[in-house]
Every structure is written in C-alpha cells, then in structure tokens.
1. If we scan region 254-262, do we find a residue that is open to solvent by less than 30 Å² (accessible area, probe 1.4 Å) and among the hydrophobic types (A, V, I, L, M, F, W, C)?
2. In region 127-148, is there at least one residue being under 22 Å from THR101 (Cβ atoms), over 20 Å from the mean Cα position of the chain (by Cα) and among the small types (Gly, Ala, Ser)?
3. What tally of residues in region 179-200 results from selecting those that are open to solvent by 20 Å² or more (accessible area, probe 1.4 Å) and either over 16 Å from the mean Cα position of the chain (by Cα) or at positive phi (or both)?
4. Given the condition aliphatic (A, V, I, L, M), in contact with a helix residue (DSSP H, G or I) (Cβ under 8 Å, 6 or more places away or on another chain) and closer than 20 Å to ARG212 by Cβ, answer yes or no: does some residue in region 39-56 qualify?
5. Do any strands (runs of 3 or more DSSP E) entirely within region 50-166 hold 3 or more residues that are open to solvent by 40 Å² or more (accessible area, probe 1.4 Å), and if so, which?
6. Looking at region 200-223, which of its residues are of a type in the set (A, V, I, L, M, F, W, C) and at pLDDT 95 or above?
7. If we scan region 84-107, do we find a residue that is on the phi > 0 side of the Ramachandran plot, under 20 Å from the mean Cα position of the chain (by Cα) and among the aromatic types (Phe, Trp, Tyr)?
8. PHE206 fails exactly one of the following numbered conditions: (1) surrounded by fewer than 20 Cβ atoms within 10 Å (Cβ to Cβ); (2) aromatic (Phe, Trp, Tyr); (3) under 27 Å from CYS125 (Cβ atoms). What is the number of that condition?
Amino acid sequence: MTPITDQELALFRRFIFEAAGITMSEQKKALVEGRLSKRLALHGLDSFGQYYKFLTSGEHPDEVQVAVDLLTTNETYFFREIKHFEFLREKALAARGRSETFRVWSAASSSGEEAFSIAMVLADCLGDAPWEVLGSDISSRVLAGAERALYTMERGRHIPEAYLKRYCMKGHAEFEGSLLIQRALRNRVSFRQINLNGALPELGQFDFIFLRNVMIYFSDDTKRQVVARLLAPLKRNGYFLVGHSESLNDISSAVKPIAPSIYRRAG
C-alpha cells in the first residue's frame, strides 16, 4: 500500500465536504491515512486513489457510510458545558404543568452522552409529564453505541452524583466498570441517522435544539445552510444552543443571542 499523496488527500477532503459539509484541513493527511488504511487492505486496494474510485463508483453505498464514519470526529462527554444544562433546567421547570410535550433535539449527538444528559435534566424537572429527546448524527457507528446506552464508568465521571444514582445502573460480572442508562430514561430518547448537510426528514417541532461543537468543521456557507434547516423545526421563542467556541453572528438573523452560545428564535 502506497502512502497517501497530496492529490489523494484533496480527493478525500472533497469527499467528506460533499458527504457531510465538513471542511477538512490539509494538515489531516496522517488522520485520513491512519483511519482508512485498513479499508484499503480489506478490499485489496493498493492506493488511496483506488479507494476513492471505489467509494465514488456508486456501487458501494455501505462502504461510503463506513468512510464517512471513519472520517467524522466524534468527541463528547456527559454534561459537557454545564451552563447549557443549567439553562435547560431553568426552562424545563418553567414549563411544568403544560400539556404540550417538551421536545429537545440533540442534532450532533455522537455516541449519545449529550442526549442522555438532556434526558436526565428533563426527567428530574418534568418527571412523568410529556417530554422526549431526539438524538441524531451522520455516523451510524456512533449511533449504534448510543442506542446500547452502555458506557464505561470513566465516561460517566461528569454525571452529577444524584443523577448517577437515579438514572444509571452499575455493571457487574462481565460488565464490571460499566454503567447502563436506566430503561425508563432510554424509552424517552430516540436516535436517528440524519445528515444535517441535506434535506431534513419530518421531525416535528422542538423547544430546544443543541448543535454544539460541530460547526467549527463547517465553512461559513455551510453553517448558514445548516442553521437555516435546523431553525425550521424550532418553535417560535425556542432555544438554539451552540458550543462555547462557536457563534451565530453573521450566520442567521432569525435568532437573537440571550447569553453566550445561547440563542432564541424570534417569536
């Protein structure tokens, strides 16, 4: 197998941009080579150029999904950026007593930690009242892990102690060192594979949409397109949350900032 060339890297940069809207830098040569080399070996290919032709032939859609999964960075943990969950808690408490279902979309949910963090807050605040969480991601691989809802205890270190005791089960025997999200909580969370870079399926309306720590990989044009798509299912006066290093300034005039990285759709 020959090392990836600059020309081949350019092909894969275009591939992941067209597939997922992700702008990959020229400094990612080692990452691309490291993550895709086993796929070349599996299919008996000698070069990354051959693998690119294999992917773009239109004959191997399953392999395209594998390549997208491998080239998509998925970094997350429970209760990341805690102030967002404090804000969610405030608004969920204010919604107690209403008959309408309180709905939250974790639009780049990766392996599910964000979606289940949201669910713990809503279960604590709303109890048996109607509420639900949707988690979505472009990667089928990480969604499979999210649906299992099984994590190492180390990954659960940011879960507040009270929530850990109430909503997680400690593994024993072959599951020693693991935690499983409680079934009642899992039943309120659903996961779907959704590519935010394309037309969205019918999802209904949401009170909150979390799109955090993913737009840093998008160009400004892609950011505008993605945000416009996601605002359509956000309720009037609903809340749109981005990562603390991200901003919607110059991206959308349909939302107004009310706190750092927290925006509200105009009523």
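1. Checked against the condition, which is being open to solvent by less than 30 Å² (accessible area, probe 1.4 Å) and among the hydrophobic types (A, V, I, L, M, F, W, C), region 254-262 yields at least one hit.
2. The answer is yes; a qualifying residue exists.
3. Qualifying residue count for the region: 8.
4. No, there is no match, as no residue in region 39-56 is aliphatic (A, V, I, L, M), in contact with a helix residue (DSSP H, G or I) (Cβ under 8 Å, 6 or more places away or on another chain) and closer than 20 Å to ARG212 by Cβ.
5. Strands (runs of 3 or more DSSP E) meeting the threshold: none at all.
6. Of everything in region 200-223, those that are of a type in the set (A, V, I, L, M, F, W, C) and at pLDDT 95 or above turn out to be LEU200, LEU203, PHE206, PHE208, ILE209, PHE210, LEU211.
7. Looking for residues that are on the phi > 0 side of the Ramachandran plot, under 20 Å from the mean Cα position of the chain (by Cα) and among the aromatic types (Phe, Trp, Tyr), one finds none in region 84-107, hence no.
8. Evaluating PHE206 over (1) surrounded by fewer than 20 Cβ atoms within 10 Å (Cβ to Cβ); (2) aromatic (Phe, Trp, Tyr); (3) under 27 Å from CYS125 (Cβ atoms) leaves (1) as the failure.
The values are calculated or read from the model by the stated rules, or taken from the named source; none is laboratory data. Here the structure is a predicted model, which is why all the values come from computation and not from measurement. Cβ atoms come from the backbone with ideal geometry, glycine included; neighbour counts cover every protein chain shown. Surface accessibility is based on the protein's heavy atoms, side chains included, excluding ligands, DNA and RNA. Shrake-Rupley method; radii C 1.70, N 1.55, O 1.52, S 1.80 Å.
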